[in-house]
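*Asks:* Once you've had a glance at the structure underneath, I'll fire off some questions.
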Amino acid sequence: MGKVRAMSAHPTDENWIGRRIASLRRERGWTLAVVGQRVGLSTTQLSRIESGGRQSSVGTLIELARVFEMSLSELVAQEPAQTFHLVRAGDHAPYDSANGAMTPLSGHYPGISAVLLTIQPSSDAPTAHHSGEEWLYILHGSVEVSIGNERVHLESGDALHFPSAHAHSVRGLGDGPTRALLVSTASNLQEASTHLPPANPDASRS
């Protein structure tokens, strides 16, 4: 749901997320082809994300976090887990995306990923599909959500819950940005792990 690059957490290093993905993959001894197949990307697409030549979608980041058996917040923030996760209004750390900004709100726990989305009006609506479920609540504005061959128009106060394995996209409508809450559930990590070879910390091939 929108392509993402770091905006405020590491302002001098826009590709640190891509390098973190590459580092996590190599630590486990997984090839680009193996991880790309699991998240629905070609070897070239994943390589470009790692090198900074391509911005990742929110859906791809969620799926990569699941493949690496960590939360989305842990993947993008590199902060230690604590007893609870608190995000104050003044501590929001948004990441620039093709449709606006994505602000992670959930912590380093595997159950859900919650983000605040600011979606700009655009005809460009990147399609995503990944395991789990998504719940979208419109705080202000309006969007069109495509799920498979169906389109749903959402206004302020509307909520939509759907299986995210279906191809889906969100497009901002109107003249101004739309603010929305997106909550994504975790997939079955044990099931996800069966599609990947055992981790090999000594491997560094790509």
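The values are calculated or read from the model by the stated rules, or taken from the named source; none is laboratory data. In this text, all values refer to a predicted model and were calculated from it rather than measured experimentally. Using ideal geometry, Cβ is built from the backbone for each residue, glycine included, and neighbour counts are taken over all protein chains shown. With ligands, DNA and RNA removed, areas are computed over all heavy atoms of the protein, side chains included. Shrake-Rupley method; radii C 1.70, N 1.55, O 1.52, S 1.80 Å.
*Asks:* Could you please let me know if Leu160 is in a strand (DSSP E or B), surrounded by fewer than 20 Cβ atoms within 10 Å (Cβ to Cβ) and touching a residue at least 60 places away in the same chain (Cβ under 8 Å)? Steps first, answer last, please.
*Replies:* Working: in a strand (DSSP E or B): yes; surrounded by fewer than 20 Cβ atoms within 10 Å (Cβ to Cβ): yes; touching a residue at least 60 places away in the same chain (Cβ under 8 Å): no.
No; evaluated as a whole, the condition is false for this residue.
*Asks:* Now, a different point. When the residues of the stretch 48-60 are filtered to those that are open to solvent by less than 50 Å² (accessible area, probe 1.4 Å) and in contact with a Ser or Thr (Cβ under 9 Å, 6 or more places away or on another chain), which remaining residue is farthest from Ser164 (Cα to Cα)?
*Replies:* Ranking the qualifying residues of the stretch 48-60, first place goes to Gly53.
*Asks:* Select the strands (runs of 3 or more DSSP E) contained entirely in the stretch 1-108, then report the ones holding at least 1 residues which are at pLDDT below 90 and in contact with a helix residue (DSSP H, G or I) (Cβ under 6 Å, 6 or more places away or on another chain).
*Replies:* Hits in the stretch 1-108: 3-6, 100-104.
*Asks:* Being within 22 Å of Gly40 (Cα to Cα) and among the hydroxyl-bearing types (Ser, Thr, Tyr) is the filter here; which residues of the stretch 121-165 pass it?
*Replies:* Listed by number, the residues that qualify are Thr127, Ser131, Ser146, Ser164.
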